[in-house]
Amino acid sequence: MQELERHVRETSEYAPDGSREQWLHHGSSAALEPFAADSEAFSTVTCVPRPHGPDAGETSIETEIAQHPDQYRFAILMDAHGRRSINRLFDATETTGQAVAPTFLLYLVLDEGACSDEAFCQACAEMLRGEGWTGYQAIQAAWDAIPIDCSNYLDDDVLP
């Protein structure tokens with residue numbers, strides 16, 4: 001949420017139509033609406049990563065899910081090793097939760113029919129490039145669990 005709030009704060013709602021700045025501002029504002037409206041659509045959990053270190057975030061998410069596995073449908077993280085570890089935890093607790101890459105959230109929008117395949121593919125590519133997730137492993141991880149062939153819409157640099 002903090003990154004979305006930063007995008008809203010640092011971009012203009014009056015940016016030129018079709019510009020990246022307009023897309024960031026309006027998209028981030030729309031993504032924040034369910035949280036601001038006291039909606040029950042999402043819940044957030046604030047936790048302090050412990051132990052500290054390179055995998056502290058993944059470890060804290062894993063600890064939270066281990067304590068309350070039935071309260072989570074998805075755990076969103078880019079780290080493939082962290083997702084595998086959390087998915088093993090979901091499997092062990094026999095819950096329906098799943099750890100997925102951030103691009104999977106865009107897939108849910110596509111799956112609901114709220115956008116076209118092309119718009120979905122372009123949004124995923126923009127996310128990958130914008131976040132700097134352009135290495136081989138990051139790209140493989142981003143498309144894992146997404147059953148859409150984007151090769152007609154994207155350059156090979158962001159495809160598995």
Pairs only if they're at least six apart or on different chains, beta carbon under 8 angstrom, first in region 127-144 and free of Cβ contacts under 8 Å to residues at least 24 places away in the same chain, second surrounded by 13 or more Cβ atoms within 10 Å (Cβ to Cβ) and in a helix (DSSP H, G or I); list them, first residue then second.
I139/L128; I139/V158
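State whether the residues of region 111-124 include one that is open to solvent by 20 Å² or more (accessible area, probe 1.4 Å), in contact with a Leu (Cβ under 6 Å, 6 or more places away or on another chain), under 25 Å from G18 (Cα atoms) and at pLDDT 90 or above. Spell out how you get there, then give the answer.
Residues of region 111-124 open to solvent by 20 Å² or more (accessible area, probe 1.4 Å): 111-119, 122-123.
When the remaining residues are screened for being in contact with a Leu (Cβ under 6 Å, 6 or more places away or on another chain), the result is 123.
Now restrict to residues that are under 25 Å from G18 (Cα atoms): 123.
Narrowing further to those that are at pLDDT 90 or above: 123.
Yes, there is a match, as at least one residue in region 111-124 is open to solvent by 20 Å² or more (accessible area, probe 1.4 Å), in contact with a Leu (Cβ under 6 Å, 6 or more places away or on another chain), under 25 Å from G18 (Cα atoms) and at pLDDT 90 or above.
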Those residues of region 1-28 which are crowded, with 16+ Cβ neighbours inside 10 Å and part of a loop (DSSP other than H, G, I, E, B) amount to T11
Conditions (1) modelled with pLDDT of 85 or more; (2) farther than 24 Å from T134 by Cβ; (3) polar (S, T, N, Q): number failed by S39:
(1)
Filter result for I148 (in a loop (DSSP other than H, G, I, E, B) and surrounded by 12 or more Cβ atoms within 10 Å (Cβ to Cβ)):
yes
Checking the structure you have, find out if any residue of region 88-110 is modelled with pLDDT under 90, open to solvent by less than 20 Å² (accessible area, probe 1.4 Å) and either not charged (D, E, K, R) or not assigned by the TED database to the domain that holds G18 (or both).
no
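Determine which member of the set L105, L110 is at negative phi, in contact with a strand residue (DSSP E or B) (Cβ under 8 Å, 6 or more places away or on another chain), in a helix (DSSP H, G or I) and not polar (S, T, N, Q).
Details: L110 fails: in contact with a strand residue (DSSP E or B) (Cβ under 8 Å, 6 or more places away or on another chain).
Going through L105, L110 in turn, the sole match is L105.
Scan region 72-87 residue by residue and report those that are in a helix (DSSP H, G or I) and either modelled with pLDDT under 90 or open to solvent by less than 40 Å² (accessible area, probe 1.4 Å) (or both). Break it down into steps so the answer makes sense when it comes.
At the first step, the residues of region 72-87 found to be in a helix (DSSP H, G or I) are 80-87.
Within region 72-87, A80, H81, G82, R83, S85, I86 meet the criteria.
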Which of (1) within 30 Å of Q67 (Cα to Cα); (2) at pLDDT 90 or above; (3) not acidic (D, E) does I139 not meet, given it meets every other one?
(1)
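The values are calculated or read from the model by the stated rules, or taken from the named source; none is laboratory data. From a predicted model like this one, the values you see are computed outputs, not experimental measurements. Every residue, glycine among them, receives a Cβ derived from its backbone with ideal geometry; neighbour counts consider all protein chains shown. When the accessible area is computed, the model is the full protein with side chains, heavy atoms only, and any ligands, DNA or RNA have been set aside. Shrake-Rupley method; radii C 1.70, N 1.55, O 1.52, S 1.80 Å.
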